[in-house]
1. Quick check on this structure: which one of G77, G13 is within 16 Å of S121 (Cα to Cα) and not hydrophobic (A, V, I, L, M, F, W, C)?
2. When residues of the range 100-116 are filtered for being surrounded by fewer than 13 Cβ atoms within 10 Å (Cβ to Cβ) and part of a loop (DSSP other than H, G, I, E, B), how many remain?
3. Can you pull out the residues in the range 73-85 that are closer than 21 Å to K54 by Cβ and either touching a residue at least 24 places away in the same chain (Cβ under 8 Å) or in a loop (DSSP other than H, G, I, E, B) (or both)?
4. Among what's in the range 86-110 and is touching a residue at least 40 places away in the same chain (Cβ under 8 Å) and basic (K, R), pick the residue that is nearest to I19 (Cα to Cα).
5. Among the residues of the range 12-31, which ones are out of contact with any Asp or Glu (no Cβ under 6 Å at 6 or more places or on another chain) and either at positive phi or in a loop (DSSP other than H, G, I, E, B) (or both)?
6. Looking at the structure I just gave you, is S122 touching an Asp or Glu at 6+ places or on another chain (Cβ under 9 Å), surrounded by fewer than 17 Cβ atoms within 10 Å (Cβ to Cβ) and either at pLDDT 95 or above or at negative phi (or both)?
Amino acid sequence: MNQSYEICKIVEGEHESSINSIVSCKDGESVITASIDPKIVVWNIFNEDIHNRKYFDHRDTIYALEMFPSKDYMASGGRDRSIKIWRLIYYREFRNGVLERLMLDTSINNAHTTDITSLKSS
């Protein structure tokens with residue numbers, strides 16, 4: 001089976017280093033990336049009026065992002081050995097249903113004795 005794909009948009013300029021993880025959001029418009037720099041960036045890939053939002057809560061490289069099945073929470077983890085649980089806040093009226101921002105819900109410092117390189121929710 002030979003399938004071809006078309007690039008719909010290239011987004012760049014927020015991370016200063018390579019991206020280690022990317023997840024999509026339930027709004028169908030937003031993606032979240034994590035990087036070596038260490039920063040999490042929320043991108044709206046279809047609406048340039050919505051500016052990218054950056055989060056700097058990790059102290060070192062972020063290796064993993066994992067969206068919870070409901071897509072209302074996301075976990076992040078990396079070299080700082082912490083696991084952060086984020087609540088995804090969506091617009092209710094203005095830009096109905098589009099991801100507005102992340103809110104840090106829980107931070108588990110020193111969750112492991114070594115780097116956290118992957119996460120899995122169920």
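1. On the way: G13 fails: within 16 Å of S121 (Cα to Cα).
Of G77, G13, the one residue that is within 16 Å of S121 (Cα to Cα) and not hydrophobic (A, V, I, L, M, F, W, C) is G77.
2. 5
3. Scanning the range 73-85 gives Y73, M74, A75, S76, G77, G78, R79, D80, S82, I83, K84.
4. Among them, the one singled out is R101.
5. From the range 12-31, those out of contact with any Asp or Glu (no Cβ under 6 Å at 6 or more places or on another chain) are 12-14, 18-31; that's our starting set.
Matches in the range 12-31: E12, G13, E14, S18, C25, K26, D27, G28, E29.
6. Answer is no for this residue.
One line per residue, one yes/no per condition, for (1) outside any strand (DSSP E or B); (2) buried (at least 19 other Cβ atoms within 10 Å of the Cβ):
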residue: I10; (1), (2): yes, no
residue: T33; (1), (2): no, yes
residue: W43; (1), (2): no, yes
residue: K54; (1), (2): no, no
residue: D57; (1), (2): yes, no
residue: Y63; (1), (2): no, yes
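The values are calculated or read from the model by the stated rules, or taken from the named source; none is laboratory data. Here the structure is a predicted model, which means the values were calculated and not measured. FYI the Cβ positions are ideal-geometry reconstructions off the backbone, even for glycines, and counts take in every protein chain you see.
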